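The values are calculated or read from the model by the stated rules, or taken from the named source; none is laboratory data. Not measured: the values here are computed from a predicted model. Cβ sites come from the backbone with ideal geometry, for glycine too, and all protein chains shown count toward neighbours.
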Amino acid sequence: MSNKRKGLWKRFDFTLFFTVIVLCIYGLVVLSSATAGEGSMGYLKTQGIAFILGLVSIMIIIFIDYDTFSKFYMPIYVISNILLVAVLVMGDKAKGAQSWLILGPVRFQPSEFVKIGIIISLAKFIEKNHEKLNQFFTLIKILIFAFIPVGLILMQPDFGTAIVFVFFIFVMLFVAGLDWKYILYATIAGIVSLPILWFSLDPYQKNRIFDFLDPTRDAMGSGYQVIQSEIAIGSGKVFGMGLYNGNYTQFGFLPEKHTDFIFSVIGEELGLIGGLLLIVLYFLLLFRLIKIARNSKDICGSVMVVGIAAMMLFHILENIGMTMRLMPVTGIPLPFISYGGTFMLSNMICIGLALSVGMKREGLSFSRDA
């Protein structure tokens, strides 16, 4: 093996890679319990195939310089928006949103892959305009570029996914050096626009806010999920009731237990210990991503990895929070744990991109002050 190739492998983040593998295995084990008696092999097969495809994707991506992707940021951006338009024109509807495309036997959610495309294209667009980032018209140009796909997602309407986009977009801009005055303006504008946002929500979305404040208002209807989730997590106590032994999980009292509320399964069957183990793994995942971002050779790589970390952080906080009524229910899944082939594969691709950035680093420590 050449010295150059040895040097590249020395920069490969094995800790991040194996943390992701452990998370995926953890997810498969919990999924097998969540779907026991409900055709679990079908769920595990789909998730397992997505996991294997994800590993293959990582192995391919790490041998491609991420600069190659960033050079084609405009085609990636255009294709991402075309996918979102295609969803609006001929998409399949589920859970109140037209968010899916069906191509033969394959049914997938384009917005999951669009997240990757927008993170790549926005990172490069920010780098190209970095010197003038805080000039008003430059910032407006960047915001228009970033929020066109957000608008298309809101038209589906998929409010939860749109919030994920908004979060990682602003974190990417913040890390790139966005002036605090713009952050203040955005905060004020957000507060002022709350009444408009409220009246634009569908009834089921308003119910989620009401249920967050008081789920007992419709305990057998819209508040049922949250109530059952809280009871399931509480019943697990410290050590849990054991895999395949959770009353609320195994007897069908817990809705969406294999997707949005899979953390409730962990809480009931693996208890506080199981939940803390998952949180520690997520902490390690995010820590390694931030380390890669800080040591990236350029602004594009740093901002790209920060976008990936921010996206995953929001998913983690929102999903775990909503199962414990710390956040409103939005239908946002848990990375590497919730069932969903598209979601699993897109997250694995993100890890591949982050590892690629880490392998090409040249010692540049990038921060807001850089």
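Yes/no per residue for (1) of a type in the set (Val, Ile, Thr); (2) touching a helix residue (DSSP H, G or I) at 6+ places or on another chain (Cβ under 8 Å); (3) part of a loop (DSSP other than H, G, I, E, B):
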| residue | (1), (2), (3) |
| --- | --- |
| Val265 | yes, yes, no |
| Gly271 | no, yes, no |
| Arg288 | no, yes, no |
| Val306 | yes, yes, no |
| Phe314 | no, yes, no |
| Arg325 | no, yes, yes |
| Asn347 | no, yes, no |
| Ser356 | no, yes, no |
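Selection of the range 30-70 for residues being surrounded by 13 or more Cβ atoms within 10 Å (Cβ to Cβ), in a helix (DSSP H, G or I) and not hydrophobic (A, V, I, L, M, F, W, C) yields Ser32, Ser33, Ser40, Tyr43, Thr46, Gln47, Gly48, Gly54, Ser57, Tyr66, Asp67, Ser70.
Close contacts from the range 310-329, counting a first residue that is without any contact (Cβ under 8 Å) to a residue 12 or more places away in the chain and closer than 16 Å to Thr259 by Cα and a second that is among the polar types (S, T, N, Q) and buried (at least 21 other Cβ atoms within 10 Å of the Cβ), with Cβ to Cβ under 6 Å and a gap of 6+ residues or different chains, come to none at all.
Per-residue answers, yes or no, for (1) at pLDDT below 95; (2) over 22 Å from Val20 (Cβ atoms); (3) more than 26 Å from the chain's Cα centre (by Cα); (4) surrounded by 15 or more Cβ atoms within 10 Å (Cβ to Cβ):
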site	(1), (2), (3), (4)
Met220	yes, yes, yes, no
Tyr224	yes, yes, no, yes
Gly236	yes, yes, yes, yes
Leu254	yes, yes, no, yes
Leu281	no, no, no, yes
Leu286	no, no, no, yes
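State yes or no: is Ala86 under 20 Å from the mean Cα position of the chain (by Cα) and in a helix (DSSP H, G or I)? The answer is no for Ala86.
Is it the case that the range 111-122 has a residue that's farther than 24 Å from Asp260 by Cβ, of a type outside the set (Ser, Thr, Tyr) and touching a residue at least 60 places away in the same chain (Cβ under 8 Å)? Yes, that holds for at least one residue. Here the helices (runs of 4 or more DSSP H) wholly within the range 142-226 that include at least 1 residues being touching a residue at least 60 places away in the same chain (Cβ under 8 Å) and out of contact with any helix residue (DSSP H, G or I) (no Cβ under 7 Å at 6 or more places or on another chain) are 159-176, 203-213.
Among the residues making up the range 89-106, those that are in a strand (DSSP E or B), touching a residue at least 12 places away in the same chain (Cβ under 8 Å) and not aliphatic (A, V, I, L, M) are Asp92, Gln98, Ser99, Trp100. Is it true that some residue in the range 123-136 is within 26 Å of Gly54 (Cβ to Cβ) and in contact (Cβ under 8 Å) with a residue 24 or more places away in the chain? The answer is yes; a qualifying residue exists.
What do you reckon, is Phe14 within 30 Å of Glu127 (Cα to Cα), free of Cβ contacts under 8 Å to residues at least 60 places away in the same chain and among the aromatic types (Phe, Trp, Tyr)? Yes; evaluated as a whole, the condition is true for this residue. Comparison of Phe12, Phe17 shows that the only residue that is outside any helix (DSSP H, G or I) and modelled with pLDDT of 80 or more is Phe12.
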